[in-house]
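Structure, as structure tokens:
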Amino acid sequence: MEVSGKRRDPDLNKGSDDTTVFCQPCEEEGKRSVAQGFCQTCQEYMCDPCIKAHKKFKVSRNHIMLSKDKMPSFDPSTKQSDIGVTEYCKTHPNEMIKFYCPTHSDLGCGDCVVIGHRTCKVDYIANVSKDFTNEREFRELEPSIKRAEDLLSGYISKVKELFDEVEHQSKTEIDRLRKFRAEIKTYLDRREKELLGNIQKMKTEDESVLTKLKTDCELAKCGLEATRTELTSVDVSVNQRYVTARRAQKELRGIHDEMEKMTGRMKSRKYRFVKDADTERLLGSNMGFGTLYMAGEFVPVPDLATMTWKKEADILVRTSQDLNPCWITGSALISPGLVLLADRGNNCVKLVDISTCTVTSRLQLPGWDVCVLPGDQAAVTVQNKFMIQLLSTKGGQLSCGKEIKVSSCCFGIAFNNNRLYVSYTSNPRVEVMTLDGHILSTFQTDDRRQLFNTPYYLTVSASTPPTLHVSDNNANTVLQLTLDGKVLRKYRDIRLIHPLAVVKVGPGQLLVCGLTSHNVMLLTESDGKMAEILEEKNGLTKPCSVSFCPHTRAIVVGMNSNDSLKVFNAN
């Protein structure tokens with residue numbers, strides 16, 4: 001019914017504003033004291049001394065106490081069950097809940113109805129409650145509660161299992177960390193022992209040479225002293241002095257010859273300890289020793305449309321083994337600060353440590369695009385060899401694993417839920433396959449119409465449910481499909497020309513490279529709009545690949561015929 005104003009409950013006529021209300025605890029002791037407040041928790045009126053005592057004890061000090069001007073207006077001796085209500089209004093504590101609004105599913109008092117539900121058709125609880133228990137809605141409530149209880153019991157059991165998993169994982173990872181720490185210590189102790197041994201060996205050898213030199217000098221000096229004594233002695237005959245002098249002349253010539261040799265021996269080897277460059281870079285790296293990589297977990301990502309981007313120093317990724325300019329056609333984040341690249345210009349794949357700006361591993365392989373797999377693995381499309389090459393990235397080093405044979409012109413690759421998604425530009429399509437190469441499905445047409453023109457890159461979004469996004473280069477679009485291949489949407493923007501790499505950055509947001517528009521666009525799924533966040537004036541020229549690190553909030557862009565990566569950090 002429509003309520004135009006507050007009506008007083010007829011059941012409350014037993015009391016009035018002029019009725020004197022007395023302290024109930026005092027009345028139980030045979031005393032009569034005028035009530036100065038009402039404990040809503042205990043449902044009792046109290047005088048000032050009782051209120052003070054009530055607030056004094058720990059068990060009751062946090063009870064809800066209403067002052068005299070906010071006390072309920074009905075007779076304190078009347079029970080709640082007698083007046084047909086069971087609790088007080090949370091918005092108006094001195095009023096009882098009397099009404100229910102089906103439109104808003106709100107319970108409230110008369111004040112609530114007047115203020116917030118004036119135009120609503122509300123139910124007066126006293127009128128509708130009598131027959132409510134016989135209605136289907138009430139009868140279905142208890143089974144619904146029971147089902148919810150069962151679901152919550154299941155959740156509680158699952159939480160207990162997760163507690164065990166958390167404990168087990170914590171112990172396992174701590175053991176791994178400490179084992180690795182012990183391995184590092186053993187290695188460093190061994191290297192220290194080897195280097196200290198080398199230093200001691202050189203010290204011993206140099207001391208031995210110098211000791212022999214000193215001995216030779218002392219012996220020569222003693223011989224000369226003896227000869228000089230004999231030459232100057234008065235007890236020596238003239239003939240003997242002559243013999244001694246001639247012998248001394250010969251000995252001097254020999255000693256002078258030896259002293260010339262001694263001059264060459266009068267030195268020690270110079271050496272110094274030189275720090276290993278890789279170890280020194282490790283000490284300067286924020287990722288040194290290791291990181292906690294949240295595999296399979298979502299790291300909170302801010303709305304990239306609200307961020308501004310600061311350009312960091314370029315990272316040189318050309319190595320001494322590279323003969324041509326770099327052409328970074330694929331990139332993927334292996335772990336925080338570590339990016340896997342496909343350098344088509346030099347037919348190789350590389351691991352790059354963003355924190356130290358160094359190429360840590362290089363493997364000759366003419367790959368085009370890359371994606372990360374579980375268990376320290378990655379996958380690379382090798383279109384001119386008609387295969388997908390699986391790689392090991394364990395220990396920050398690249399090595400080849402199993403090969404998966406595929407058709408010609410395989411370009412983009414993505415991984416989700418133990419499935420590989422691979423795009424082909426010849427007979428344009430996307431294939432979904434297992435890690436053994438078994439093709440599960442092919443996305444090629446929609447209502448007999450060809451889906452793609454030149455599908456170069458693809459990614460599975462981080463939204464719920466996940467969807468597949470494919471960049472169609474010549475069509476200047478990004479196509480969104482369900483994981484069953486149903487077309488959901490085509491994204492297009494005049495500022496995006498010849499899109500290449502498309503990567504997820506968080507729920508509902510993706511980054512797309514524009515090859516000939518020389519930019520990186522942020523695609524937002526909710527409104528289908530694109531925003532240009534990096535452009536030519538930021539130093540982009542023919543960007544082909546892009547990666548985003550949620551841990552460091554950094555965008556890394558690879559380009560055509562450019563030996564450096566462009567790095568941008570969020571402000």
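Could you list, ordered by first residue, the pairs with Cβ atoms under 8 Å in which the first is in the range 112-139 and touching a residue at least 40 places away in the same chain (Cβ under 8 Å) and the second is of a type in the set (S, T, N, Q), at least 6 apart or interchain?
H117/T103; R118/S4; C120/T103; K121/T103
Looking at R419, R429, which is the one that is under 25 Å from V487 (Cα atoms), at pLDDT 90 or above and buried (at least 17 other Cβ atoms within 10 Å of the Cβ)?
Result of the check over R419, R429: R429.
Out of V505, V470, report the one residue that is at pLDDT 95 or above and β-branched (V, I, T). Full working, then the answer.
Values: V505 fails: at pLDDT 95 or above.
Unique residue meeting the criteria: V470.
Where in the range 1-68 are the strands (runs of 3 or more DSSP E), entirely inside, with at least 3 residues that are modelled with pLDDT under 90? Write out each step before concluding.
Values: elements: 37-39, 44-46, 65-67.
Counting at least 3 such residues, we get 65-67.
Within the range 339-350, does at least one residue satisfy the condition of being part of a strand (DSSP E or B), in contact with a helix residue (DSSP H, G or I) (Cβ under 8 Å, 6 or more places away or on another chain) and at pLDDT 95 or above?
Of the range 339-350, the ones part of a strand (DSSP E or B) are 339-343, 348-350.
Checking the rest, the ones that are also in contact with a helix residue (DSSP H, G or I) (Cβ under 8 Å, 6 or more places away or on another chain) come to none.
Taking every residue of the range 339-350 in turn, none turns out to be part of a strand (DSSP E or B), in contact with a helix residue (DSSP H, G or I) (Cβ under 8 Å, 6 or more places away or on another chain) and at pLDDT 95 or above.
Which residues, counting only those in the range 253-271, are open to solvent by 100 Å² or more (accessible area, probe 1.4 Å) and within 60 Å of the chain's Cα centre (by Cα)?
Scanning the range 253-271 gives K267, R269, K270, Y271.
So, in the range 311-332, of the ones that are within 16 Å of C357 (Cβ to Cβ) and part of a strand (DSSP E or B), which residue ends up nearest to the chain's Cα centre (by Cα)?
Only one residue fits best here, namely S331.
Let me spell it out: the conditions are (1) over 22 Å from T356 (Cα atoms); (2) aliphatic (A, V, I, L, M); (3) open to solvent by less than 10 Å² (accessible area, probe 1.4 Å), and V487 meets all of them except one. Which number is the exception?
Single failed check for V487: (3).
For the list (1) at pLDDT below 95; (2) touching a Leu at 6+ places or on another chain (Cβ under 8 Å), I need the number of the one condition that T358 fails.
All conditions are met except number (2).
Sort out which residues of the range 23-56 are touching a strand residue (DSSP E or B) at 6+ places or on another chain (Cβ under 7 Å) and of a type in the set (A, V, I, L, M, F, W, C), and write them in order of number.
Across the range 23-56, the qualifying residues are C23, V34, A35, F38, C39, M46, C47, I51.
Tell me yes or no: at least one residue of the range 551-564 is assigned to a strand (DSSP E or B), within 13 Å of V470 (Cα to Cα) and in contact with a Leu (Cβ under 6 Å, 6 or more places away or on another chain).
no
Check whether at least one residue in the range 498-510 is of a type in the set (S, T, N, Q) and open to solvent by 30 Å² or more (accessible area, probe 1.4 Å), and report yes or no.
Scanning the range 498-510, I find no residue that is of a type in the set (S, T, N, Q) and open to solvent by 30 Å² or more (accessible area, probe 1.4 Å), so the answer is no.
Can you say whether V556 is out of contact with any Gly (no Cβ under 8 Å at 6 or more places or on another chain), at pLDDT 95 or above and within 16 Å of M307 (Cβ to Cβ), as far as the supplied structure shows? Break it down into steps so the answer makes sense when it comes.
On the way: out of contact with any Gly (no Cβ under 8 Å at 6 or more places or on another chain): yes; at pLDDT 95 or above: yes; within 16 Å of M307 (Cβ to Cβ): yes.
Yes, satisfied.
The values are calculated or read from the model by the stated rules, or taken from the named source; none is laboratory data. Remember, it's a predicted structure, so these values are computed and weren't measured experimentally. A quick note on method: Cβ atoms are made from the backbone with ideal geometry, for glycine too, and the neighbour counts reach across all protein chains shown. What goes into the accessible areas is simple: the full protein's heavy atoms, side chains included, and nothing from ligands, DNA or RNA. Shrake-Rupley method; radii C 1.70, N 1.55, O 1.52, S 1.80 Å.
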